[in-house]
Amino acid sequence: MATATGTEARSTEATATGTEARSTEATATEGRQHVELAITGMTCASCAARVEKRLNKVQGVTATVNFASEHAAVAFDPAQVDIEDLIGAVEAAGYGAALPEAITDEDPARPYRWRLVLAVALTVPLTVFAWIAASRPPGWEWFSLVLATPVVFYAGWPFHRAAAANARHGAATMDTLISVGTLAAWIWSTVMLVAGMSTSVYFDTAGAITALILFGRYLEAGAKRRSGEAIRKLLELGAKEARVLRDGTEVLVPVEELAVGDRFVVRPGEKIATDGVVESGTAAIDQSMLTGESVPVEVGPGDAVAGATVNTSGRLVVEATRVGATTALAQIARLVADAQAGKAPVQRLADRVSAVFVPIVIAISVLTLVGWLVVGGAATTAAFTAAVAVIVIACPCALGLATPTALMVGTGRGAQLGIVIKGPEVLEQTRQVTTIVLDKTGTLTEGRMAVSAVVPAQGVGEEALVRLAAGAEDASEHPIARAIAAYGRDRLGTLPAVESFSARAGLGIEAVIDGHAVVIGRPGLLADWGVHLTEALTAEVARLEAAGSTVVGVAADGEVKGLVAVADRIKVTSRQAVAELRALGLTPVLLTGDNEATARAVAAEVGIDRVLSGVFPEDKAAEVARLQEAGEVVAMVGDGVNDAPALARADLGLAIGTGTDVAIEASDITLVAGDLRAAADAIRLSRRTLSTIKGNLFWAFGYNVAAIPLAVAGLVNPIIAAAAMAFSSVFVVTNSLRLRRFRAAEGHR
């Protein structure tokens, strides 16, 4: 069977670093121990900062807390501190902590689900009663109290609990704003109802705020769960069983029972169970899930192989050299985990502003009450009305709508266009991205081998050459052979029967077709048969290989018949996609595991100037990190398992939807259709959505800043405050709905 003549077979043996992938057990390093804790109860980035600060106050402890993953990475001196002390420090800050294995694999969105269902079910009639007078039954005010109470106190309990925890530490967040706003509306309305002033009730305001914010939290919790799927799916790619040789007999055992030194058998079509060295046999190994190279690599005795790669042909006996967390697959899983943990916690604009805004609003409300009573000598009712108006008008109704409505409309429009945006944190980097790194195989190219050229020798017909080559290769399992056979079948309809067949590992094949002795493969194999390429054909080989193709020679009955070139074809849309990315102000960079000649040929065809070739899987993330260290804000587009660490490390990761689940889970944006042009659309849509969110937040806060002084002056009572809130909410929603008009660039769909 023919193999690539221009591509170096890169070793897939990962370099052991000694770090176990996602280990939850403490490990010793230079007298210090490292442990990962699962943190519960965090609701915003300031919570993560508070936990981190409390842990770092413990003597001998260095900790980092990631809000997105809800984990803390802690290094500590076991002579001074134990794990129970660490957990106690977290609990003293008002949060929960445990080793990850002690946390059940529960859907984090579940605590919000039933609260949200209840809030929506009860808030709808509340709103109807408040705004449609004709539908109000007798005693509707008391009915509204009954409906609003479970919404505020049960559905909204997570906000009240978080606000209380924050208050104990002298802090204020979005939860404080939500809690104060809903409680103020409920308490004021209840007091007014009991006092017989039923026209001044705002139960619908309390219910609407709670339902809207719960919906946003529900979406966010679901996104957090998906962030951990990348590592789980990555580890699932490995083989589940191995055929271990014991006393000369094959014994099928779970892969977890493999030990270093075990010898195991790998048959054609099976995954290699773990990293090892070939002891006997030859085969073509599909390493694309690790290296990204589309051409399988021929291996034989003494060659290293990696677990989870696929044996496409031949029987191998392999001696295990690495098992468990030290395999190449586990190392990639660790890289994805490290990259995700290294991202800065999400810092939402509303949370940052509310940390200052909420205490100011509460202080203004108290000062308003005191000022009206003491300085103005007003009646208690008037003073309290003004004070409550300040709180009500500062309620985060528009703030709560600002992000989720724009996100829902933007992501919904994206889904219609085949663009999946995972959450608001994704949008933060799109505006600043300066460089976009593109994987080759499956991103710029189709990711599968196909015949790129047929070059007959002088005096030989092209159809005759195809008949000989495709007929002979039809008996082989090698992917290049399958590409040649498929080409012949498409062109000729049927292929001649193979009378005899023999594969020469690493060189090519020998067969008998229609009574002709056919040899296909590298020039060395043809030379063994006394066949040499002409000068013209030798020049064609050099030209085709420079263009990135794998070329095999075809001879029959001792005479050269021509050449067949096979390549991973470039997608017809790739050049347009690169041009559109440039138009957005981005610098494209090609990053691939292929050799430089192939990479340069592809880059030249699609219009890319900068090329990083021959990059190992574990080095792809490092290349992205180097670009970031040079001051670039990096977006990465890829589709394979080998791209997952780089996708996670990049400031913005975009996965081709036709690629692996692991790449999709590790990315921030998924391009469902597999069309690279959608990357430009995704960035434009993300930037537009982010601008809309910021615009919404500006007007929401602007409304508060303008209206609060009016409330302090007594010019705005709670009824007008509620109406103003409704107007601001309508404005935010209307502004968000403009995203429905977003269109993909012309010619895309």
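Here the gap between Ala92 and Glu605, fully extended at 0.36 nm per residue and compared with their Cα-Cα distance, gives a gain of 178.6 nm. Looking at region 525-657, the accessible area is 36 square angstrom per residue; that uses a 1.4 Å probe and ignores ligands, DNA and RNA. Extending 7 Å from the Cα toward the beta-carbon at both Glu596 and Arg113 defines two label points whose distance is 5.5 nm.
With a Förster radius of 35 Å applied to the beta-carbon distance between Ala536 and Val277, the computed FRET efficiency rounds to 0.25. A 1.4 Å probe, protein heavy atoms only, puts the accessible area of Arg677 near 30 Å².
Computed extension gain for Ala527 through Ala121, at 0.36 nm per residue and net of the alpha carbon distance, reaches 138.1 nm.
For Thr40, nonlocal amide neighbours, meaning residues 5 or more places apart or on other chains whose placed amide H falls under 5 Å from its own, are Gly96, Ala97.
Computed from the Cβ-Cβ distance with R0 of 35 Å, the FRET efficiency linking Lys57 to Leu710 stands at 0.20. Take the Cα of Gln458, go 7 Å toward its beta carbon, and the backbone nitrogen atoms of region 507-539 under 18 Å from that spot belong to 531-539.
Site pair Arg687 and Ala167 shows an inter-label distance of 4.5 nm when each label is modelled 7 Å from Cα along Cα→Cβ.
Let a ≥ b ≥ c be the square roots of the eigenvalues of the Cα gyration tensor of region 579-644; is it rounded (a/c under 1.5), or, if not, prolate (a/b larger than b/c) or oblate? Verdict is oblate for region 579-644. What a 1.4 Å probe finds exposed on region 504-544 is 58% carbon and sulfur by accessible area, rounded to a whole percent.
Between Thr587 and Thr435, Ile436, the built amide H atoms are under 5 Å apart, and every one of these is 5 or more places off in sequence or on another chain. Distances between placed amide hydrogens fall under 5 Å for Arg569 paired with Glu446, Gly447, Arg448, Ala450, all partners being 5 or more residues away or on another chain. A straight chain from Ala622 to Trp131 at 0.36 nm per residue would run longer than the Cα-Cα distance by 171.0 nm.
Simple spin-label estimate for Ala259 and Ile360 gives 6.8 nm between the two label positions (7 Å along the Cα-to-Cβ direction from each Cα).
The values are calculated or read from the model by the stated rules, or taken from the named source; none is laboratory data. Everything numeric in this text was worked out from a predicted model, so none of it was measured. When we count neighbours, we look across all protein chains shown, and the Cβ atoms used for this are built from the backbone with ideal geometry, even at glycine. These area figures cover heavy atoms from the full protein model, side chains too; ligands, DNA and RNA do not enter into them. Shrake-Rupley method; radii C 1.70, N 1.55, O 1.52, S 1.80 Å.
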